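Some notes on the structure that comes next.
The values are calculated or read from the model by the stated rules, or taken from the named source; none is laboratory data. Since the model is a prediction, treat every value here as computed from it, not as a measurement. Glycine also receives a Cβ, built like all others from the backbone with ideal geometry; neighbour counts cover every protein chain displayed. Remember, those area values only see protein heavy atoms, side chains included, never the ligands or the DNA or RNA. Shrake-Rupley method; radii C 1.70, N 1.55, O 1.52, S 1.80 Å.
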Amino acid sequence: MGYIASEVFENGLCSLMSRIVPEGEEDTVTPPDHFRIWPDDARQLLKALPDGCLDRAYLMFPDPWPKARHAKRRFIHPENIRELARLLKPGAVWRVASDHPVYQDWVFEIMGTQDLFDAPPPAKGERPEGWSPTRYEAKAYREGRVPFYWTFTRRDA
Ligand SMILES: C[S@@+](CC[C@H](N)C(=O)[O-])C[C@H]1O[C@@H](n2cnc3c(N)ncnc32)[C@H](O)[C@@H]1O
């Protein structure tokens, strides 16, 4: 199985590299073959991938863009939902986590009006087994915010 990580924030990419190659060798050692990094806008990557090529997708603590006038910038958006539905195999899961109350309400609203994914109620306040922790998640717990963890399943096309 292969993995593609997407992040545009340079410090985030450096932190990722430090976990997958030995310390101090980040500039000379390439990541393992089954691991690819997309250091650019994830939406461009999604557009370039072929239908049904993904077994799983993660959207971990996306930027919340809490102001209503910025809602179009939120990753959970009908256009991106359609793109993920195109890429994920039937039965494949899309994991989404958010600690931001505005974004959490937004996920309920937008995922409640689509029919491409089954959208059961999320786990709340405790990371489900098998999910990896993230740095931002740790910060959320430290600062008293309660994350929600959704597992959306791609319906048969
Ligand atoms: C709140 S942080 C969460 C970081 C990390 N996923 C975690 O949980 O620790 C949101 C991250 O999404 C990245 N991001 C925002 N828009 C993006 C995009 N279009 N493509 C790739 N990464 C993006 C930002 O650079 C930022 O680091």
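Residue 86 passes every criterion in (1) within 22 Å of residue 132 (Cβ to Cβ); (2) surrounded by 18 or more Cβ atoms within 10 Å (Cβ to Cβ) apart from (1).
For segment 14-46, a residue qualifies if it is loosely packed, with under 12 Cβ neighbours inside 10 Å, of a type in the set (D, E, K, R) and in a helix (DSSP H, G or I), and exactly one does: 19.
Quick check on my filter: what residues within segment 136-157 are surrounded by 12 or more Cβ atoms within 10 Å (Cβ to Cβ) and either over 18 Å from residue 93 (Cβ atoms) or within 16 Å of the ligand (Cβ to nearest atom) (or both)? Listed by number, the residues that qualify are 136, 137, 139, 140, 141, 145, 146, 147, 148, 149, 150. Residues of segment 64-81 that are outside any helix (DSSP H, G or I) and exposed (fewer than 13 other Cβ atoms within 10 Å of the Cβ): 67 alone.
Report whether or not residue 56 is in a strand (DSSP E or B), of a type in the set (Lys, Arg), more than 9 Å from the ligand (Cβ to nearest atom) and open to solvent by 80 Å² or more (accessible area, probe 1.4 Å). So residue 56 passes the test. The C-beta contact set for segment 36-48 (first residue within 19 Å of residue 17 (Cβ to Cβ), second residue open to solvent by 70 Å² or more (accessible area, probe 1.4 Å) and assigned to a helix (DSSP H, G or I), distance under 9 angstrom, 6+ apart or interchain) comprises 38/44; 39/10. Taken together, the residues in segment 105-157 that are basic (Lys, Arg) and within 14 Å of the chain's Cα centre (by Cα) amount to 1. Residue 29 meets all of the listed conditions (1) within 9 Å of the ligand (Cβ to nearest atom); (2) modelled with pLDDT under 95 but one, namely (1).
For segment 1-13: of the residues being open to solvent by 100 Å² or more (accessible area, probe 1.4 Å) and more than 12 Å from the ligand (Cβ to nearest atom), which is nearest to residue 77 (Cα to Cα)? For segment 1-13, the residue satisfying everything is 3. With respect to the conditions (1) free of Cβ contacts under 8 Å to residues at least 40 places away in the same chain; (2) more than 17 Å from residue 64 (Cα to Cα); (3) more than 16 Å from the ligand (Cβ to nearest atom); (4) surrounded by 13 or more Cβ atoms within 10 Å (Cβ to Cβ), residue 110 lacks only one, and its number is (2).
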